[in-house]
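**Q** Okay, here's the structure, questions in a sec.
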Number of protein chains: 2
Amino acid sequence: MLAALSAGAQQRNNVVPSVTGAVEDFKPGITNQPGRQYPMVNSQGAVRTQLRAPQASSVQLDIGGVRYEMVKDENGVWTGTSRPQDVGFHYYQLNVDGVSLPDPGTISFFGAGRWGSGIEIPSADMDFWQVKNVPQGAVEEKYYWSKATESMRRCYVYLPAEYQNNPGKRYPVLYLQHGNAENEVGWSSQGHTAQILDNLIAEGKAVPFIVVMDYGQSQNIHLVPPYAPQQPAQPQQPRQGQPGARAAGPDAFQVVLLTDIIPMVEREYRVVADAQHRALAGLSMGGGQTRRITLANPTKFAYVGMFSGGVMSVEDIQAAAGFQQTNKVVFMSSGSKENPRVMEAAESLRKIGVNAVGYISEGTAHEWHTWRRSLFEFAQILFR
Amino acid sequence: MLAALSAGAQQRNNVVPSVTGAVEDFKPGITNQPGRQYPMVNSQGAVRTQLRAPQASSVQLDIGGVRYEMVKDENGVWTGTSRPQDVGFHYYQLNVDGVSLPDPGTISFFGAGRWGSGIEIPSADMDFWQVKNVPQGAVEEKYYWSKATESMRRCYVYLPAEYQNNPGKRYPVLYLQHGNAENEVGWSSQGHTAQILDNLIAEGKAVPFIVVMDYGQSQNIHLVPPYAPQQPAQPQQPRQGQPGARAAGPDAFQVVLLTDIIPMVEREYRVVADAQHRALAGLSMGGGQTRRITLANPTKFAYVGMFSGGVMSVEDIQAAAGFQQTNKVVFMSSGSKENPRVMEAAESLRKIGVNAVGYISEGTAHEWHTWRRSLFEFAQILFR
């Protein structure tokens, strides 16, 4: 097989043969399209897939940062098996003669900047995000006019099951953001937001609240004046007492969140429009945005969640006037396979009286199962 | 280029060279991912795309039933240009060394049984399905328990903008089905149901109503007893007077529609639960299902829509007791590039007093722009 290695593949270090000797109890992936047998997953978490490509000279299964050289049979069908993967959801792809493509057997997910394949490695705790026969909320696809971009934008809004039958009741809101190169679809697709909340609410473990999931990739958000950061007419020197490294302004997502998203939600849905009923959280890049936005707007959000998104320090909070008086919870989480400082960061914050909660997702890395579990934990302490 | 033709491609008749001499006013497709330049469309409706694949020996642009041989430059980037395409939405794909794959430049659509690429060829009338700054309804992703399949199923529900602010008002419902090898996502994605209705309602051209879009691919719907068709203990001979070709029972989608979908909608949404406020329509296979289900349940639906889905005959209606007394509209449509009998079929039905409407979508074939236009027309005569 090595002779068939493509030039593009050879440039990467992590090309290995397809794994042999895996436990032969493979079953179709639960993220497969209806009726598709491949990809498959075994009890060890290994992934096996197939692709018919009689004319290709190299087909690889590209998952978990490793490319496995698939093997061709006499019918031109290539088969490849990976090493065991972490439990939870992974983006992956195939590679045919140097070209990356989705595995046609799976449904389509947006991540890594493109629509592609995903595979779910079942975990012992996966029950918490399954679709169950409990009172069902709904996720709305909602368009709205954005003044800051002079365009229509799209968000997804989770409404708890009881929302439609309580026309007199108003609800708290969690604004929940995706990571880099993902989009507003992620949390309700691979994140299973609605199922996590429906199940928690049905068991009485979370109070009913609304979740708003929007698009936060700031470099793709084009602000118009006067919302765009001002371009100085000539290069500015930092004035005495001002930090020279100050950015030109808040990032575009912060502008849209405060100018458009929150006002739209508070106008069009039955929400309690104050800081004590408003939370901001996000994963990875979205956690970093959460940190910056809540510190820059210290009296706007009583609940803060950073999932694999860094930590908030004592100095951060002490520099943000009013943050501590407003805040009810600072939640910081990480997968155990990341390099988490979240537990010690939470400990430090508690010493100054912040209600900080650290959470480690056991056995997972910088991936969606870490973030589903983070939402599951965070949701139970929100708006209490 | 012909020497590079793959064996798989040679088995198809319609492989042609990439088109030369196209008008050079190509612009990025409106179905592209944010920030992607390719694929592009020119003013003639020709499609041009690119793929970097230095090691491939054949790359084709596969659109409109034709495979165009793309041409490789010195950097290993392949470029291909199609002939002009019909206005509207087309599924398409690339083919690398005999393997079909999505074009990584576009967002992902479900059709032809897989998630893949789509391209929109702008049409003079495309304004009617654009997202505009008018009162916005929302499309809900909704799970519900199905007794007939003993599983949770998913549908999409369009709620008009005024729904949330009129807790005392009840609405009529259109049940709207996709075509073969599509799914419940299609109508609100490539179909733009919400935009078509938001825009019509904002202009006062349609009354506000709810649209329910579910999954109708009957071979993938597994009924459980007693809803599954009875398997006879031994082969049955047709009895005298009974047609021997009688099917084992209604198709699985009909069972789910009547057992689960309609009862769920009438329980969980504020609807008027009678035939005069209930419509069934579908495209292609969904139009055929509409015909069979409304004829088999002649007093359940006052409005019937078949988009590129065949026609209903005088004999059909006369054999279905109560159909004509219940029915308010039979709407039958087709693209002008199909072989439509819809106008003459409507004329025949009008002669027996049915309020039948035929509609021809000019310049389109068996594709989504025909069906968007059909919904646009049908919506204006619904529930009046």
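The values are calculated or read from the model by the stated rules, or taken from the named source; none is laboratory data. Being a predicted model, the structure only gives us computed values, none of them experimental. Don't worry about glycine lacking a Cβ; one is built from the backbone with ideal geometry, like all the others, and counts go over all protein chains shown. Side chains are part of the model used for accessible areas, which takes the heavy atoms of the whole protein and leaves out ligands, DNA and RNA. Shrake-Rupley method; radii C 1.70, N 1.55, O 1.52, S 1.80 Å.
**Q** For B:E347, place a label point 7 Å out from Cα along the Cα→Cβ vector, do the same in each other copy, and report the separations in nm, one decimal, smallest first.
**A** Copy-to-copy label distances at B:E347, shortest first: 8.6 nm.
**Q** Rounded to whole Å and ordered largest first, report the semi-axes of the equivalent ellipsoid of the protein assembly as shown derived from its Cα gyration tensor (root of 5λ).
**A** Gyration-tensor ellipsoid for the protein assembly as shown: 43, 35, 28 Å.
**Q** Then there's this: Take every DSSP beta bridge whose two residues both sit in the protein assembly as shown, then give the antiparallel share in percent to the nearest 5.
**A** Roughly 60 percent of the DSSP beta bridges within the protein assembly as shown come out antiparallel.
**Q** Averaged over all directions, how much area does the convex hull of the C-alpha atoms of chain A cover when projected, in nm²?
**A** With the hull built on Cα positions only, its mean projection is 23.0 nm².
**Q** Now, a different point. Could you sort the residues of the range B:115-158 by number and keep only those whose accessible area is reduced by 40 Å² or more in the all-protein-chain setting relative to the chain alone, 1.4 Å probe?
**A** Residues meeting the cut-off: B:W115, B:V131, B:N133, B:Q136, B:A138, B:V139, B:E140, B:E141, B:Y143, B:M152.
**Q** What's the average, rounded to a whole number, of partner chain beta-carbon atoms within 10 Å of each residue's beta-carbon in A:265-272?
**A** Taking all residues of A:265-272 together, the mean is 1.
**Q** To the nearest whole number, what is the average tally of beta carbon atoms from other chains within 10 Å of the beta carbons of peptide A:218-224?
**A** Shielding by partners across A:218-224 averages 1.
**Q** Report the label-to-label distance for A:Q219 and A:N339 in nanometres (one decimal), using points 7 Å from each Cα along the Cα→Cβ vector.
**A** Taking the two extended label points, one gets 2.4 nm.
**Q** Using the basic label-point model (7 angstrom from Cα toward the beta carbon), what is the B:N355 to A:A321 distance in nanometres?
**A** 6.7
**Q** Taking a point 7 angstrom from the Cα of A:A202 along the C-beta vector, which residues in the range B:139-156 have backbone N less than 20 Å away?
**A** Hits in the range B:139-156 for A:A202 at 20 Å: B:140-156.
**Q** Cβ neighbours within 10 Å, averaged per peptide: list A:373-380, B:77-84 in order, most packed at the top.
**A** Packing order, densest peptide first, comes out as A:373-380, B:77-84.
**Q** Also: What accessible area per residue, rounded to a whole number of Å², is obtained for the range B:127-379 using a probe radius of 1.4 Å?
**A** On a per-residue basis, 41 Å².
**Q** Sorted by average packing, counted as other Cβ atoms within 10 angstrom per residue and highest first, what order do A:134-141, A:268-275 take? Walk me through the intermediate numbers first.
**A** Details: A:134-141: 21.2, A:268-275: 16.5.
Taking the mean over residues of other Cβ atoms within 10 Å, the ranking is A:134-141, A:268-275.
**Q** Determine the share of the range B:25-122's accessible area contributed by carbon and sulfur atoms, expressed in whole percent, with a 1.4 angstrom probe.
**A** Details: 1660 of 3290 Å².
Result for the range B:25-122: 51 percent of the exposed heavy-atom area is carbon or sulfur.
**Q** Less than 16 Å from a label point 7 Å out along the Cα-to-Cβ axis of B:Q37: which backbone N atoms in the range B:76-112 qualify, by residue?
**A** Under cut-off, by backbone N: B:76-81, B:104-106.
**Q** Calculate what fraction, in whole %, of the accessible area of the range B:127-379 sits on carbon and sulfur atoms when a 1.4 Å probe is rolled over the protein chains.
**A** 48
**Q** A follow-up question, please. If you put a point 7 Å past Cα along the Cβ direction, how far is that point for A:I30 from the same point in each other copy, in nm, smallest first?
**A** Here A:I30 shows inter-copy label distances of 3.9 nm.
**Q** Now a separate question. Send over a whole-number figure in Å² for the accessible area per residue of the range B:25-122, probe 1.4 Å.
**A** Per residue, the range B:25-122 has an accessible area of 34 Å².
**Q** Given label points at 7 Å from Cα along Cα→Cβ, what nm distances, shortest first, separate A:R267 from the same residue in every other copy?
**A** Ordered by increasing distance: 3.7 nm.
**Q** Mind listing the Cα extents of the range B:25-122 along all three principal axes, in Å, largest one first?
**A** Between the extreme Cα coordinates on each principal axis of the range B:25-122 lie 33, 33, 26 Å.
**Q** Between A:S313 and A:A112, what's the calculated FRET efficiency when r is the beta-carbon distance and R0 is 25 Å? Round to 0.05. Could the numbers behind the result be given before it?
**A** Numbers: r = 30 Å, r/R0 = 1.21.
Taking R0 as 25 Å, the efficiency between A:S313 and A:A112 is 0.25.
**Q** Just which residues of the range B:77-104 lose 50 Å² or more accessible area with every protein chain there, against their chain alone, with the probe set to 1.4 Å?
**A** B:D97, B:V99
**Q** What is the mean number of Cβ atoms from other protein chains located within 10 Å of the Cβ atom of each residue in peptide B:56-69, rounded to a whole number? Present the calculation step by step, with values, prior to reporting the outcome.
**A** On the way: counts 8, 4, 2, 2, 0, 0, 0, 0, 0, 0, 0, 0, 0, 0.
For peptide B:56-69, the averaged partner shielding equals 1.
**Q** May I ask for the accessible area buried between chains A and B, both sides summed, probe 1.4 Å, to the nearest 100 Å²?
**A** That pair of chains buries around 3400 Å² in total.
**Q** Put a dot 7 Å past each Cα toward the Cβ at B:R267 and A:S151; how far apart are the dots in nm?
**A** 4.2
**Q** If you take every DSSP beta bridge fully contained in chain A, what fraction is antiparallel? Give it as a percent rounded to 5.
**A** Counting DSSP beta bridges with both partners in chain A, the antiparallel share is about 60 percent.
**Q** Over chain A, what is the relative contact order in percent, taking alpha-carbon pairs closer than 8 angstrom and at least six residues apart? Walk me through the numbers on the way to the answer.
**A** Details: 827 pairs, mean separation 47.4, N = 384.
Relative contact order for chain A comes out at 12 percent.
**Q** Report, in deg cm²/dmol and to the nearest 500, the calculated mean residue ellipticity at 222 nm for chain B, where each DSSP H run with n ≥ 4 adds -39500 (n - 2.57) and the sum is divided by the residue count.
**A** Using -39500 (n - 2.57) per qualifying helix, the result is -5000 deg cm²/dmol.
**Q** Hey, another quick one. Check cross-link reach from A:K169 to the lysines: straight Cα distance under 24 Å, and skip same-chain residues fewer than eight apart.
**A** Cα-Cα hits under 24 Å: A:K142, A:K205, A:K300, A:K328, B:K142, B:K169.
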